[in-house]
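J.: I'd like to ask some things about the structure below.
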Amino acid sequence: MTAEPTPASSIMGDPGPTGRFGGFGGRFVPESLVPACMELEVAFRSAWADPAFHTELDGILHHYGGRPTPVTECARLSEELGVRVLLKREDLAHTGSHKINNVIGQSLLARRMGKTRLIAETGAGQHGVATATAAALFGMECVVYMGEVDTRRQELNVFRMELLGAEVRPISSGSRTLKDAVNEALREWVASVGVTHYCLGSVMGPHPYPWMVREFQRVIGEEARDQCRAILDGSDPDVVVACAGGGSNAAGIFAGFADATSSRLVGVEAAGGAALTGGIPGILHGMHSALIQDEAGQILEASSISAGLDYPGIGPEHAHLAELGRAHYVSADDEEVLEAFQLLARTEGIIPALESAHAIAWVAAAAGRSELVRGSTVLVNLSGRGDKDVAQVRDLLRGRA
């Protein structure tokens, strides 16, 4: 079931009307967008307090989205690494990733607000596919912005979006990746806010998006906590691990364990875009958070083998969790990720998304250097499946041969 509203006393609770997580977050948008953000916050607070909204959302996520997703015990991978590995299987949700949780929630909210049109940004394409799916389900117009670089490496997802009736608009400015897709989506939202809802895909952007998206993704952590306690005789996992670009899948699973102090939380960024391991605070896309930037404050281009983590920042709540010391953020490089992609496929017959493979890569490396205690229990959020990445990985591996 979708989680009920969480109290402000929770570590991952309500950030209040300012949308601040400690010193991070906020609402840094043009004056023309302030009313739209405020309208959205009022609508979300109303919906999230309405049992009928939860009932409808829960029903669609169950009967259409495939929730609850299972937790899978990885016997062969565990034996190889020397730690007990459990996977929260968001790859088994409809459309192949956790993105559907947030998109169904935002689409229901958009309909409640009287909006008839959805726009979205996407990097790996999974959020775009999920948004196009929801638009088809609810009979709404859909436009998805995607960097040209990402349209090439995610051709399959571009076709899926078009098949679902969405218009995909390639972005040729800047680095031609996720950051630039967000820029264009924000520009269009300013111009068409009367009929359009911007379905932002991660825990980033201006308030209320970081909080709202986390709450829609909280279902991952709430399910996983109960499932792990059933498997572990009432105990929580020692470590909870998730990849983190903007960080929605990580925020979703962390939300279930943030108040369980026995569980260590680990977010794994791409080495070429590691905002929390190599960035400094700044403002981008309407939020104050950790960003990779130069001494003059210019945003640097991120790079990653995975389109979904190719972003030069991270959600503000993650920056706050890092500052508190409640979550620890690390990085994995492209070579480690390729090895992890193959490792999970070879040992468990599960092909992960390249994004999710970052989390597997850190577990394998940490187990190898004894950073993880032998026999400890590690829950990994497998945020998406790797169908979209198989052709890219094939070409990369053939190029290395």
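Every number here is computed from the coordinates shown, using simple stated rules; none is lab data. Bear in mind that the values here come from a model prediction, so they are computed numbers and not experimental data. As a convention, Cβ positions derive from the backbone with ideal geometry for all residues, glycine included, and neighbour counts pool all protein chains shown.
J.: Would you work out which of Ala364, Ala224, Ala242 lies farthest towards the positive end of the dipole of segment 208-366? Charges go on Cβ: Lys and Arg +1, Asp and Glu -1.
T.: Ala224
J.: So for each of 370-376, 88-94 I average, over its residues, the number of other beta carbons within 10 Å; can you give me the resulting order with the highest mean first? If you can, show how the numbers build up before the last one.
T.: Working: 370-376: 13.4, 88-94: 22.9.
Ranked from most to least packed, the peptides come out as 88-94, 370-376.
J.: Also, quick follow-up: Semi-axes of the chain's equivalent ellipsoid from the Cα gyration tensor, sqrt of 5 times each eigenvalue, largest first, rounded to whole Å?
T.: Working: eigenvalues 170, 111, 90 Å².
For the chain, the ellipsoid semi-axes come out as 29, 24, 21 Å.
J.: Along the Cα→Cβ direction, 7 angstrom out, place labels at Glu162 and Arg374. What is the inter-label distance in nm?
T.: It works out to 5.4 nm between the two label points.
J.: Restricting to Cα atoms and excluding each atom paired with itself, what does the Kirkwood estimate give for segment 279-401 in Å? Each step should come with its number before you reach the end.
T.: Values: mean 1/r = 0.0620 Å⁻¹.
Result for segment 279-401 stands at 16.1 Å.
J.: Still on this structure, please answer the following. Would you compute, from DSSP H runs of 4+ residues alone, the mean residue ellipticity of the chain at 222 nm, taking -39500 (n - 2.57) per run and dividing by the full residue count, rounded to the nearest 500? Provide the component values of the computation, followed by the final result.
T.: On the way: 15 runs with 176 residues, N = 401.
-13500 deg cm²/dmol, from helical runs alone.
J.: Looking at the chain, send over the antiparallel percent of its DSSP beta bridges, to the nearest 5. All intermediate terms of the calculation are to be shown ahead of the outcome.
T.: Working: 15 of 49 bridges.
Antiparallel: roughly 30 percent of the beta bridges in the chain.
J.: For a quick size check, give me the Cα extents of segment 209-291 along its three principal axes, largest first, whole Å.
T.: 44, 25, 18
J.: Run the numbers for Leu324 and Val195: contour at 0.36 nm per residue of separation, minus the present Cα-Cα distance, in nm.
T.: Working: separation 129, 0.36 × 129 = 46.44 nm, distance 3.96 nm.
So the extension gain works out to 42.5 nm.
J.: Taking the Cα centre of the chain as origin and charging only Cβ (+1 Lys, Arg; -1 Asp, Glu), how large is the dipole, in debye to the nearest 20?
T.: Numbers: 34 positive and 49 negative charges, 79 e Å.
Dipole about the Cα centre, nearest 20: 380 debye.
J.: Check the straight Cα-Cα distances from Lys388 and name the aspartates and glutamates below 13 Å, setting aside those fewer than 8 residues away within the same chain.
T.: Within the straight-line cut-off, Lys388 pairs with Asp91, Asp150, Glu155, Glu355.
J.: For the ranges 27-34, 38-45, what's the packing order if you count other beta-carbon atoms within 10 Å of each residue, average per peptide, and put the highest first?
T.: On the way: 27-34: 14.0, 38-45: 17.1.
Descending mean neighbour count gives 38-45, 27-34.
J.: Contour minus end-to-end for Arg111 and Leu396, with contour as 0.36 nm per residue of separation and end-to-end as the Cα-Cα distance?
T.: Values: separation 285, 0.36 × 285 = 102.60 nm, distance 4.25 nm.
Result for the pair: 98.4 nm of gain on full extension.
J.: When ranked by the protection proxy of mean other Cβ atoms within 10 Å per residue, highest first, what sequence do the peptides 199-205, 282-288 form?
T.: Final packing ranking: 199-205, 282-288.
J.: Among all the lysines, which ones have a C-alpha under 16 Å from Lys88's C-alpha, if same-chain residues fewer than 8 places away are not counted?
T.: Excluding near neighbours in sequence, the set is Lys99.
J.: Compute the orientation-averaged projected area for segment 25-177 from the convex hull of its Cα atoms and round it to one decimal in nm². Numbers along the way, then the final one.
T.: Numbers: hull surface 48.8 nm².
Seen from a random direction, the Cα hull of segment 25-177 projects 12.2 nm² on average.
J.: Could I ask something else about it? Taking the chain as a Gaussian network, where each spring joins two C-alpha atoms under 10 Å apart, which residue of Arg117, Arg369, Arg229 fluctuates the most?
T.: Looking only at Arg117, Arg369, Arg229, the biggest GNM fluctuation is shown by Arg369.
J.: Can you give me the P(r) profile for segment 1-96? Cα pairs, bins 10 angstrom wide beginning at 0, each as a whole percent.
T.: Going out from 0 Å in 10 Å bins, segment 1-96 shows 12, 25, 29, 23, 8, 1 percent.
J.: Grab the Cα-Cα distance for Glu73 and Glu148, subtract it from 0.36 nm times how many residues apart they are, and report the gain in nm with one decimal.
T.: Working: separation 75, 0.36 × 75 = 27.00 nm, distance 3.81 nm.
Using 0.36 nm per residue and subtracting the Cα-Cα distance, I get 23.2 nm.
J.: Ok, one more. Among DSSP beta bridges whose residues both lie in segment 152-305, state the antiparallel percentage, nearest 5.
T.: Working: 6 of 11 bridges.
The antiparallel proportion sits near 55 percent.
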